[in-house]
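Single-structure report; data block below.
The values are calculated or read from the model by the stated rules, or taken from the named source; none is laboratory data. Every value quoted in this text rests on a predicted model; they were computed, and no experiment measured them. Please note: Cβ atoms are built from the backbone with ideal geometry, for glycine as well, and neighbour counts cover all protein chains shown. Surface areas here come from the heavy atoms of the whole protein model, side chains and all, with no ligands, DNA or RNA. Shrake-Rupley method; radii C 1.70, N 1.55, O 1.52, S 1.80 Å.
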Amino acid sequence: MELYTITMFLTTDNKKTFTAIILLNEMINGTHKFQTIANGDDSVLEPLFIELMSKSYVQTSGLNYQVTAKGQEVFDTFMKRYTEYLKVYDIFSYVDLEKGEFAFARYFDFETDEAWADFANDERFDDLRIAVALFKKIDPAEIVFMSFINENRFDTTATGWQMDLVSDNSWNEIEEICKTAIKPEEVGEDAMVDMIGRGSDLMMKLLEQEKEQPQDDANYNGGDTIVEEETVEYYQPYYDPYYVSPIWLLPLFLW
């Protein structure tokens, strides 16, 4: 089986891409206005805004930066990937390799987030998201970045978030998680195929269960939307353990 001996998982382009996604999200969905003459905490973001503007991902609008149609397209592509992450990959967060069991198989058994967390954080469960990403040949750093987003690790309401975003702390942590995570060769190819198959089967069952839940409870994947029939059909190709949706093959930003 292929050995994953990558020395660095997080590249300079990764860092710029992930930082840009946070900025685009704030511009599209948040309330913060980024001025073209940056001041205060925003000043550390100015070099990236200049590069984003040179690539036509943002433009100026009066005193502020504004997302262009090209930037919106990039963000929409990322969000499609993020939705798939929540459905397809997050399910491998808690796997009992000895028993072949997934913590998410019991997600709807718990009435509170605290009870679910107590169960899922049992030491018998391993995190296999990186192993699955590498097996499917998608960027493991992006998977960890998405997990950070899901955990609200990039809180743009916190004081000084801009400096946190450009500092190395979060990025070093992502790199370390990728380096120390369980790799496919540690599990074995046959076991990976079996485990991904089990996970995909569970995902489909959870999607069906989610359709039947009240909207406030239908959030095993971190969201709050009701699953429609066409959504369930969309994920059926993932029964193939080697399948990767074409949206993961599209480049986001071209630096």
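Within the range 55-79, residues that are on the phi > 0 side of the Ramachandran plot have Cβ atoms under 8 Å from residues that are at pLDDT 95 or above in these pairs: Ser56/Thr68; Ser56/Lys70; Ser56/Gly71, counting only partners at least 6 apart in sequence or on another chain. Of all residues in the range 144-178, those being crowded, with 19+ Cβ neighbours inside 10 Å and either hydroxyl-bearing (Ser, Thr, Tyr) or over 15 Å from the mean Cα position of the chain (by Cα) (or both) number 4. Listed by first and then second residue, the pairs linking a residue in the range 179-202 that is open to solvent by 50 Å² or more (accessible area, probe 1.4 Å) to a residue that is modelled with pLDDT under 95, with Cβ atoms under 6 Å apart and 6 or more places separating them unless they lie on different chains, are Glu185/Met1; Glu185/Leu3; Glu189/Met1. The single residue among Ala158, Ala141, Ala103 that is of a type in the set (A, V, I, L, M, F, W, C) and farther than 23 Å from Leu48 by Cβ turns out to be Ala103. Considering the range 62-73 alone, what residues qualify as being of a type in the set (S, T, N, Q) and either surrounded by 17 or more Cβ atoms within 10 Å (Cβ to Cβ) or not in a helix (DSSP H, G or I) (or both)? Within the range 62-73, Asn64, Gln66, Thr68 meet the criteria. State whether one or more residues within the range 112-123 are open to solvent by 20 Å² or more (accessible area, probe 1.4 Å), of a type outside the set (Val, Ile, Thr) and closer than 23 Å to Leu24 by Cβ. Taking every residue of the range 112-123 in turn, none turns out to be open to solvent by 20 Å² or more (accessible area, probe 1.4 Å), of a type outside the set (Val, Ile, Thr) and closer than 23 Å to Leu24 by Cβ.
Restricting attention to the range 9-61 and to residues that are of a type in the set (A, V, I, L, M) and open to solvent by 20 Å² or more (accessible area, probe 1.4 Å), the residue that is nearest to Leu165 (Cα to Cα) turns out to be Val44. Would you say Ile226 is aliphatic (A, V, I, L, M), in a loop (DSSP other than H, G, I, E, B) and modelled with pLDDT of 95 or more? No.
In the set Phe119, Phe49, Phe104, only one residue is modelled with pLDDT of 95 or more, among the aromatic types (Phe, Trp, Tyr) and either touching a strand residue (DSSP E or B) at 6+ places or on another chain (Cβ under 7 Å) or not in a helix (DSSP H, G or I) (or both); that residue is Phe49. In the range 123-130, the count of residues that are part of a helix (DSSP H, G or I) and touching a Pro at 6+ places or on another chain (Cβ under 7 Å) is one or more. Which of the residues that make up the range 52-61 are in a helix (DSSP H, G or I) and either hydroxyl-bearing (Ser, Thr, Tyr) or farther than 18 Å from Lys15 by Cα (or both)? Residue satisfying the conditions is Ser54 alone.
Among the residues of the range 203-213, write down those that are open to solvent by 60 Å² or more (accessible area, probe 1.4 Å) and either among the small types (Gly, Ala, Ser) or touching a helix residue (DSSP H, G or I) at 6+ places or on another chain (Cβ under 9 Å) (or both). Of everything in the range 203-213, those that are open to solvent by 60 Å² or more (accessible area, probe 1.4 Å) and either among the small types (Gly, Ala, Ser) or touching a helix residue (DSSP H, G or I) at 6+ places or on another chain (Cβ under 9 Å) (or both) turn out to be Lys205, Glu208, Gln209, Lys211.
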